[in-house]
Each structure stands twice: as structure tokens, then as C-alpha cells.
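Participant: Pasting in a structure now, in C-alpha cells, and then I'll have a few things to ask.
The values are calculated or read from the model by the stated rules, or taken from the named source; none is laboratory data. Everything numeric here is computed off the predicted structure, so don't read it as measured data. Please note: Cβ atoms are built from the backbone with ideal geometry, for glycine as well, and neighbour counts cover all protein chains shown.
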Amino acid sequence: MMNNGLTIKRTSGTDPDFQLLISHLDHELWNELKEDQATYDQYNKVTDIQTALIIYVNAVPVASGCFKKYKEKGVEIKRMFVEKEYRRKGLSKLVLYELEKWAEESGFQYAVLETSVHFKTARELYHKAGYRVIDNYDQYKGLQESICMRKELSK
């Protein structure tokens with residue numbers, strides 16, 4: 001993991017740096033998933049979210065993620081992203097950890113998330129972080145490209 005020049009910022013979905021990173025994420029998803037992304041794009045709007053996270057390296061925004069309330073005691077982790085040139089440095093693990101910590105501080109007991117069958121690296125990250133595959137929930141039911149996962153946060 002990187003330490004020098006690293007800053008973690010809790011913010012909202014309207015933060016310009018968060019919006020910039022989300023635009024890069026969307027661009028990457030549309031290029032990699034093509035027509036499948038049209039199905040998922042509608043579920044990925046997060047401008048009104050109050051729980052967004054940005055990681056800066058030397059004041060440059062390089063990684064982000066957010067969560068929103070899911071049911072009574074859970075959150076849904078969304079929009080995890082790390083700029084390509086900063087990958088494989090532990091930043092996605094740090095984003096996930098910080099989002100879980102924030103959710104737990106806010107009184108939530110578990111986290112769910114959805115990822116694509118095509119994103120092996122993401123699935124491995126979530127699995128190593130303690131997430132287990134569950135039946136697809138809500139809008140992801142019946143979508144064969146989706147893998148849904150869950151982790152208990154409260155000890």
C-alpha cells in the first residue's frame with residue numbers, strides 16, 4: 001500500500017473529484033461491457049449520495065467508492081474505482097475498508113454489493129475481504145452477468 005501523499009476524503013456524490021472518477025469508471029465500463037452496460041447504468045446513479053469516498057495521491061484523485069442504505073441494517077457498496085495507473089497498489093482494498101468502516105460507524109451491520117462475472121480481480125478482492133456470494137438481489141435478479149455478495153460488518 002502507498003503511504004506517501006495519500007489522503008482519504010469522505011464526501012458526497014456531488015463532489016467534482018468524485019464525479020470525475022465516476023465518469024472515468026463509466027467510460028471504462030461502457031468500453032469493456034458494451035451493450036450489457038446499458039442494463040446496469042440505470043442502477044448506478046449516485047449524485048444524491050451522501051456517503052462517497054475519494055482517495056488522493058499527492059492531491060490527485062485516483063480512487064473512489066460509495067455506499068447507500070440497503071434495507072434496515074445494511075448498505076450497498078457501489079461505484080468502486082481505481083485509475084488504471086494506480087492499480088495493484090492496494091487502493092481498492094483501502095477504499096473498501098474505509099467504506100465498511102464508515103458504514104459500521106453509521107450503525108449498519110452488513111454490506112452487499114454487485115459485480116460482473118467478467119471482473120475476476122474485483123471478485124477476488126471482495127472474496128479476500130470476507131464477502132460471500134449470495135442470490136442476486138432486487139434489480140439484479142435474473143441478470144446472469146451479475147454476481148451479488150454480502151459481508152457481515154458488526155462483530
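Participant: Which of the residues that make up region 69-99 are without any contact (Cβ under 8 Å) to a residue 60 or more places away in the chain, closer than 22 Å to LEU153 by Cα and of a type in the set (Lys, Arg)?
Facilitator: Selection gives LYS69, LYS71, LYS73, LYS78, ARG79.
Rundown of residues vs (1) charged (D, E, K, R); (2) at pLDDT 95 or above, yes/no style:
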| residue | (1), (2) |
| --- | --- |
| ASP26 | yes, no |
| LEU53 | no, yes |
| CYS66 | no, yes |
| LYS71 | yes, no |
| LYS84 | yes, no |
| ARG87 | yes, no |
| LYS93 | yes, yes |
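Participant: Restricting attention to region 101-155, report how many residues are under 21 Å from ARG88 (Cβ atoms), free of Cβ contacts under 8 Å to residues at least 60 places away in the same chain and either touching a Leu at 6+ places or on another chain (Cβ under 9 Å) or not charged (D, E, K, R) (or both).
Facilitator: 11
Participant: On to the next question. Within region 51-68, does at least one residue satisfy the condition of being basic (Lys, Arg), touching a strand residue (DSSP E or B) at 6+ places or on another chain (Cβ under 9 Å), surrounded by 15 or more Cβ atoms within 10 Å (Cβ to Cβ) and in contact (Cβ under 8 Å) with a residue 24 or more places away in the chain?
Facilitator: no
Participant: Now for a different question. When you look at LYS45, is it at pLDDT below 90, surrounded by 12 or more Cβ atoms within 10 Å (Cβ to Cβ) and closer than 23 Å to CYS148 by Cβ, yes or no?
Facilitator: Against the criterion (at pLDDT below 90, surrounded by 12 or more Cβ atoms within 10 Å (Cβ to Cβ) and closer than 23 Å to CYS148 by Cβ), LYS45 qualifies.
Participant: Turning to a different aspect of this structure: THR115 versus (1) touching a Lys or Arg at 6+ places or on another chain (Cβ under 9 Å); (2) surrounded by 14 or more Cβ atoms within 10 Å (Cβ to Cβ); (3) under 13 Å from LYS151 (Cα atoms); (4) not basic (Lys, Arg): which is the lone unmet condition?
Facilitator: (3)
Participant: Moving on to the next point. Please determine whether any residue of region 94-117 is more than 20 Å from ILE22 (Cα to Cα), among the charged types (D, E, K, R) and over 15 Å from the mean Cα position of the chain (by Cα).
Facilitator: Looking for residues that are more than 20 Å from ILE22 (Cα to Cα), among the charged types (D, E, K, R) and over 15 Å from the mean Cα position of the chain (by Cα), one finds at least one in region 94-117, hence yes.
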